[in-house]
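The values are calculated or read from the model by the stated rules, or taken from the named source; none is laboratory data. Just so we're clear, the structure is a prediction, and the values are computed from it rather than from any experiment. Cβ coordinates were reconstructed from backbone atoms using ideal geometry, including for glycine residues, and neighbour counts include every protein chain displayed. What goes into the accessible areas is simple: the full protein's heavy atoms, side chains included, and nothing from ligands, DNA or RNA. Shrake-Rupley method; radii C 1.70, N 1.55, O 1.52, S 1.80 Å.
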Amino acid sequence: SLLSNNTLAGSSGQGGGGYEIERSLRFNSADSAYLNRTPSSAGNKLVWTWSAWVKRNTIGENQSLFGSAVSNTDDSMIFFTNDDYLRVWNYRSSGYKSHRITNAKFRDPSAWYHIVVSCNGSTSLEMYVNGVQQTFQTGGVLNVGPDGTDWHFNTTREHNIGRQISYYYANVQLADINWIDGQALAATDFGEYDDNNVWQPIKYAGTYGTNGFHLDFSDTSSDAAL
């Protein structure tokens, strides 16, 4: 992984307070680069939010942003597909328990995308890109609950950023990653439009729950600190 020190964005309009994202972390799939963490206790496996700024360094590849799995037939994952859609699934060997694919493709390797994925149990699963709520292709399902179809997220299994167990390594830059355990939030909790109608980051002011975290990559003193 490579640390980038260039400022990603700063909000100067509509109350953003000049919040700037100063660093991103580059994930090189050829290096099998990823981050991992195994929570010591389970959190909310039904309600959660992922937010991050993402720049795709290559397109046309399966690239996992965040995932947790038992195996490649028993996993939960947020990822770009090899045909450049944004996709989230909760899969078991018997089939998809939850599954959403955007209608839009994301194929600009020069662009920063702010991605929010928000799950509220069996009520809703929403995705936002640069503040715009995404519509989904037909055939998706949302079926989570106490019958064993809850997500692998916020379990005590290994969680990966930049891959899914041993595959879907990502060629991306990631910045200002927020994982919220126990709340289904909207894009406006993490960003806003400036006076020029450009989506900009704001500092998340809420709580994180049992297994939530914020990664800003500000401490570069060691790999562990990073």
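At a glance:
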read-out: Difference of contour (0.36 nm per residue) and Cα-Cα distance, Ala205 to Arg92; value: 37.2 nm
read-out: Shape category assigned to the range 91-157 from the gyration tensor of Cα positions, a/c cut at 1.5; value: prolate
read-out: Integer Hz, Karplus 6.51/-1.76/1.60 couplings in order for the range 53-67, x for Gly and Pro; value: 8, 10, 10, 7, 7, 9, 10, x, 9, 5, 9, 7, 8, 7, x
read-out: Cα-derived Rg over Rh, computed across the range 52-117 with Rh taken as Kirkwood radius; value: 0.99
read-out: Percent carbon-and-sulfur accessible area, the chain, ignoring ligands, DNA and RNA, probe 1.4 Å; value: 43
read-out: Hits among lysines - C-alpha to C-alpha of Lys97 under 24 Å, sequence gap 8 or more where chains match; value: Lys45, Lys105
read-out: Glu192 long-range amide H proximity, modeled H, under 5 Å; value: Gln200, Ile202
read-out: Residues listed by number, the range 171-185, amide nitrogen under 19 Å from Val198 label point at 7 Å toward C-beta; value: 175-176
read-out: Intensity falloff of the range 86-226 expressed as log10 I(q)/I(0), Debye formula with alpha-carbon point scatterers, at q = 0.12, 0.22 Å⁻¹; value: -0.57, -1.83
read-out: Distant-in-sequence amide H partners of Val141 (H built 1.01 Å from N, under 5 Å); value: His99
read-out: Principal semi-axes in Å for the range 157-226 [√(5λ), Cα gyration tensor, largest first]; value: 24, 17, 15
read-out: Modelled FRET efficiency - R0 22 Å, Thr135 with Ile59, Cβ distances, 0.05 increments; value: 0.60
read-out: Cα gyration tensor shape for the range 9-140, rounded if a/c is under 1.5, else prolate or oblate; value: rounded
read-out: Rounded to whole Hz, the Karplus (6.51, -1.76, 1.60) HN-Hα couplings of the range 156-161, x for glycine and proline; value: 8, 7, 4, 10, 10, 10
read-out: Heavy-atom surface of the range 156-225, accessible at 1.4 Å and reported per residue (Å²); value: 45
read-out: Rounded Å value of the spacing that divides the Cα centres of the range 70-102 and the range 110-177; value: 9
read-out: Loop-located trypsin sites (Lys or Arg not before Pro) in the range 51-131, at most 16 other Cβ atoms within 10 Å (DSSP); value: Arg107
